[in-house]
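What follows is a set of notes on a single structure, which appears directly below.
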Number of protein chains: 2
Amino acid sequence: MPAKKQFNGSADEAEAAFYAALARADLDALMALWADDEEIVCIHPGAPRLIGHAAIRTSFETIFERGSVQIHPTQLHATHTMATAVHSVIEQVTKTSDAMPEVHILATNVYLKTPHGWRITMHHASVAAGKAPLDLFKASVLH
Amino acid sequence: MPAKKQFNGSADEAEAAFYAALARADLDALMALWADDEEIVCIHPGAPRLIGHAAIRTSFETIFERGSVQIHPTQLHATHTMATAVHSVIEQVTKTSDAMPEVHILATNVYLKTPHGWRITMHHASVAAGKAPLDLFKASVLH
């Protein structure tokens with residue numbers, strides 16, 4: 001039986017549901033958040049581009065074999081139109097070792113307004129050198 | 001005198017103008033392609049996120065001090081709505097040495113429809129391991 005798809009009334013809700021599904025390693029809930037479109041794109045840090053539900057599902061299945069992923073999106077900068085929301089966040093990943101290199105993860109998340117609520121059409125995450133900088137524009141937590 | 005801003009009737013035109021401006025190292029033309037919005041975001045491969053016109057302009061000024069940048073965007077996958085276009089491309093960079101590591105560059109480019117034509121609101125480029133894969137979905141040139 002397919003997973004019941006969550007209805008997200010805003011891009012912010014879809015984004016919260018995305019990181020919550022990662023934190024629970026809930027593959028069905030995670031995949032139900034993506035737009036019903038084979039042009040959806042997912043780029044994991046340092047990895048080649050994945051296109052379409054099957055490839056993206058397989059990648060998260062592989063990730064979840066090692067456990068859940070605790071990511072806290074911070075320092076949101078967003079551009080919204082009626083039907084699209086473009087979010088840029090710094091992904092604060094729970095540190096598992098003091099030996100981790102000094103890098104941070106940047107993600108671009110794009111959401112589309114569909115008849116079934118806001119859905120993900122693009123997730124592009126990549127590694128940036130250095131510690132996460134302080135957001136000079138918005139130093140406090142958003143939303 | 002500010003640069004005359006190009007009117008782009010489509011996101012594809014804006015994208016072509018972006019890579020053409022890089023190839024000419026034309027800073028004014030390049031910056032005129034971005035939306036008049038301080039929330040614009042630019043991420044160069046491996047580098048921290050830049051927000052707003054001043055920071056983005058400075059970064060390209062520094063890049064152009066070493067010369068122009070010859071990039072050919074390939075394997076476009078796009079999602080369009082009335083007012084937004086989300087482009088995922090593989091950036092084919094002119095090889096300057098056989099010693100270059102086996103990587104490729106992925107870019108997410110987001111365009112907004114504005115009263116002045118289509119403008120860039122986000123450029124997120126990052127390095128992916130391995131040679132650029134063949135596009136199994138669309139092996140031929142798009143457009």
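Computed from the coordinates by the stated procedures, all read-outs in this text should not be read as laboratory data. What you are looking at is a predicted structure, and each value in this text was computed from that prediction instead of being measured. Virtual Cβ from ideal backbone geometry, glycine too; neighbours counted across all protein chains shown.
Quick look at the values:
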{"quantity": "Shape of the protein assembly as shown, Cα gyration tensor, a/c cut at 1.5", "calculated": "rounded"}
{"quantity": "Computed label-point distance, nm, for sites B:LYS131 and B:VAL93 using a 7 Å Cα→Cβ extension", "calculated": "1.8 nm"}
{"quantity": "Pseudo-label separations to other copies for A:ARG66 - Cα-to-Cβ vector, 7 Å, nm", "calculated": "3.0"}
{"quantity": "Fraction of antiparallel bridges per DSSP, the protein assembly as shown only, in percent to nearest 5", "calculated": "85 percent"}
{"quantity": "Segments B:46-55, B:65-74, A:113-122 sorted - mean Cβ within 10 Å per residue, highest first", "calculated": "A:113-122, B:46-55, B:65-74"}
{"quantity": "10 Å Cβ neighbours from other chains, averaged over peptide A:76-89", "calculated": "5"}
{"quantity": "Nearest-first distances (nm) between copies at B:VAL127, label 7 Å from Cα via Cβ", "calculated": "0.9"}
{"quantity": "Antiparallel DSSP beta bridges within chain A, percent to nearest 5", "calculated": "85 percent"}
{"quantity": "Peptide-level mean, for B:29-40, of C-beta atoms on other protein chains within 10 Å", "calculated": "1"}
{"quantity": "Calculated label separations, A:GLN92, copies of the chain, 7 Å along the beta-carbon direction, nm", "calculated": "4.3"}
{"quantity": "For B:107-115, mean number of other protein chain Cβ atoms within 10 Å", "calculated": "3"}
{"quantity": "Reachable aspartates and glutamates from A:LYS113, criterion Cα separation under 19 angstrom, eight or more residues apart if same chain", "calculated": "A:ASP12, A:GLU13, A:GLU15, A:ASP36, A:ASP37, A:GLU38, A:GLU39"}
